[in-house]
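Structure first, then comments.
The values are calculated or read from the model by the stated rules, or taken from the named source; none is laboratory data. Remember, predicted model here, so these are calculated numbers, not experimental data. Because the Cβ atoms are built from the backbone with ideal geometry, glycine has one as well, and the counts that use them run over all protein chains shown.
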Amino acid sequence: MPELKRLHSGHAPAVLAFELLNRTYFAASISDRGDDFFDQFPDGYDALPAEQEAGSCAFYVLVADDGSVLGRFNLYDLEDGTANPGYRVAEQVAGHGVATSTVRELCRIAAARHGLRTLRAATSHANAAFRRVLTKAAFVPVGPASAADLGGKSGIWYQRDLQP
């Protein structure tokens, strides 16, 4: 049974393998990370635990029984009881409810572990899968997202109020 775990330095090889294996799949629906991300992966990855410790972000990985990473689930911009969630799941598990169930779990963790009251996520009009996951995870549309919010694309902001 896959388990959602807080990201730590020991996850680095599995996270890199996950990103490489799914790079083309991810690029079909979101902006590609670019060659520099992969060339400089150790440096970028090593900065993540410091961001977590500073309390501005919380990073999680969905780990399969064999230790491989099936997804990354993150909380960004933690401030004043609010954060922005984001995720990506491996192509091999996409469409099987993994993203929805894990986003729901992330919402529980956000309230219980991080004391968050509200999660807000922006997604482009073209990213129907993310919109479906948000809706199934009890997020509601709250207004338009600008091109500045979404790297040049327009879209929708969703919000979920959390209960402790």
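Scanning the stretch 1-19 for residues that are among the acidic types (Asp, Glu) and over 24 Å from Arg108 (Cβ atoms) gives a single hit, Glu19.
Table: residues versus (1) at pLDDT below 90; (2) under 17 Å from the mean Cα position of the chain (by Cα); (3) part of a strand (DSSP E or B); (4) among the β-branched types (Val, Ile, Thr).
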position	(1), (2), (3), (4)
Leu4	no, yes, yes, no
Leu16	no, yes, no, no
Tyr25	no, yes, no, no
Arg33	yes, yes, no, no
Leu48	no, yes, no, no
Gln52	no, yes, no, no
Ser56	no, yes, no, no
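Would you call Ala128 loosely packed, with under 14 Cβ neighbours inside 10 Å, under 29 Å from Leu16 (Cβ atoms) and of a type in the set (A, V, I, L, M, F, W, C)? It is true that Ala128 is loosely packed, with under 14 Cβ neighbours inside 10 Å, under 29 Å from Leu16 (Cβ atoms) and of a type in the set (A, V, I, L, M, F, W, C). The residue that is nearest to Glu91 (Cα to Cα), among those in the stretch 131-154 that are surrounded by 20 or more Cβ atoms within 10 Å (Cβ to Cβ) and under 16 Å from the mean Cα position of the chain (by Cα), is Val133. Among the residues here, Ala17 qualifies as farther than 29 Å from Ser154 by Cβ and of a type outside the set (Val, Ile, Thr). Looking only at the stretch 112-126, residues that are part of a loop (DSSP other than H, G, I, E, B), out of contact with any helix residue (DSSP H, G or I) (no Cβ under 8 Å at 6 or more places or on another chain) and within 25 Å of Arg6 (Cβ to Cβ) come to 3 in all. Could you go through the stretch 127-147 and let me know if any residue there is under 21 Å from Glu53 (Cα atoms), out of contact with any strand residue (DSSP E or B) (no Cβ under 9 Å at 6 or more places or on another chain) and assigned to a helix (DSSP H, G or I). Taking every residue of the stretch 127-147 in turn, none turns out to be under 21 Å from Glu53 (Cα atoms), out of contact with any strand residue (DSSP E or B) (no Cβ under 9 Å at 6 or more places or on another chain) and assigned to a helix (DSSP H, G or I).
Screening His8 against (1) surrounded by fewer than 13 Cβ atoms within 10 Å (Cβ to Cβ); (2) out of contact with any helix residue (DSSP H, G or I) (no Cβ under 9 Å at 6 or more places or on another chain); (3) not aromatic (Phe, Trp, Tyr) leaves a single unmet condition, (2).
Just so you know, in the stretch 67-90 the residues that are of a type in the set (Gly, Ala, Ser) and buried (at least 22 other Cβ atoms within 10 Å of the Cβ) include one that is nearest to Arg160 (Cα to Cα), and it is Ala83.
Here the stretch 91-109 is the region considered, the condition is being of a type in the set (Gly, Ala, Ser) and within 28 Å of Gly152 (Cβ to Cβ), and the residue that is surrounded by the fewest Cβ atoms within 10 Å (Cβ to Cβ) is Gly95.
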